[in-house]
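One structure below.
FYI, it's all coordinate maths here, none of it is from the lab. It should be emphasised that the depicted structure is a prediction, and the values quoted were computed from it without experimental measurement. FYI the Cβ positions are ideal-geometry reconstructions off the backbone, even for glycines, and counts take in every protein chain you see.
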Ligand code: C2E
Ligand code: MG
Ligand code: MG
Ligand code: MG
């Protein structure tokens, strides 16, 4: 009887796994078609200099415009793309599109900015990223200093020696490197010191409960101080309130991103924001 129950449980999980595998295949097939049909698009969120209040960068964030389901957020398809390997093609498309857009803004005479592109762990390790980046820069004519790649702690800590080589090649090209979601992984101070990193992005989870959570305030302040002592700029993610901004200002944080300034926007709306900023200071 117990045995029978065990088999039942096993059967349940086996069915469940089959269901998940099928669903993944289904999404993968649809995603592949979406890529081919041009259903992916980028939104851009301002990155703001904390001292001047000016927009100095744009993080490119992918969305999937599905004819039936509407706008699908990256959490619903990036993990599938990562698991199936399709992330290589999606990542290449995102990189090319973000660089093309940044070049177009430069050509339109808008204030110079850096476009930040997310690179998933598998994409970082599977492709020859530095070569791919170099090709895209040549094709689009975007100066390397206008591109920043956002990597996660996990991507860097896995196969550290190899990661270090890739980072050094990117640095050699003149491309910036940021660590995304910083504080959620487990990178050591030793590796942070060794890696050529330009920006640490404090994960949103440490910003959300400021000023109610004194621990989070200590953590955010510690990350800012540590970054600065290593010569790394620090950006706070997910800033939603004026109190959070004031705290970050007081702690000498360099940059921020968040709904307080703007949600991620379609390219045209982002461009409008840049034009308003330019006319305000002209
Ligand atoms: P991320 O790189 O940490 O991007 C920041 C996410 O936080 C974005 O969500 C953004 O909309 C959201 N956010 C920004 N400010 C605020 C705020 O003030 N409050 C709140 N609650 N949220 C805020 P999004 O666009 O849904 O992207 C989620 C994640 O998907 C990204 O996290 C990134 O890990 C991944 N992702 C997005 N685009 C790409 C891509 O092109 N390639 C790869 N590999 N991953 C991507
Ligand atoms: Mg990011
Ligand atoms: Mg992040
Ligand atoms: Mg993230």
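When you scan the stretch 2-87 for strands (runs of 3 or more DSSP E) that lie fully inside it, which ones turn up with 2 or more residues that are under 30 Å from residue 245 (Cβ atoms) and touching a helix residue (DSSP H, G or I) at 6+ places or on another chain (Cβ under 9 Å)?
Strands (runs of 3 or more DSSP E) meeting the threshold: 40-49, 55-66.
Taking the conditions exactly as written (within 16 Å of ligand 4 (Cβ to nearest atom) and under 24 Å from residue 102 (Cβ atoms)), does residue 149 satisfy them or not?
yes
Among the residues of the stretch 145-169, write down those that are closer than 23 Å to residue 44 by Cα and either surrounded by fewer than 17 Cβ atoms within 10 Å (Cβ to Cβ) or in contact (Cβ under 8 Å) with a residue 40 or more places away in the chain (or both).
Scanning the stretch 145-169 gives 145, 146, 147, 148, 150.
Is there any pair linking a residue in the stretch 218-243 that is in contact (Cβ under 8 Å) with a residue 40 or more places away in the chain to one that is within 16 Å of ligand 2 (Cβ to nearest atom) and part of a helix (DSSP H, G or I), with Cβ under 6 Å and at least six apart or on different chains, and which?
Every condition considered, the pairs that remain are 237/204.
Of these, 182, 195, which one is away from ligand 2 (no atom under 15 Å from the Cβ) and crowded, with 16+ Cβ neighbours inside 10 Å?
One residue alone meets the criteria, 195.
Are there helices (runs of 4 or more DSSP H) fully within the stretch 165-256 with at least 2 residues that are within 16 Å of ligand 3 (Cβ to nearest atom)? List them.
Fully inside the stretch 165-256 and qualifying: 214-229, 242-250.
Can you pull out every residue in the stretch 118-164 that is part of a loop (DSSP other than H, G, I, E, B) and touching a strand residue (DSSP E or B) at 6+ places or on another chain (Cβ under 9 Å)?
Step one: of the stretch 118-164, the residues part of a loop (DSSP other than H, G, I, E, B) are 119-120, 127-128, 141-143, 158-159.
Correct list: 119, 120, 142.
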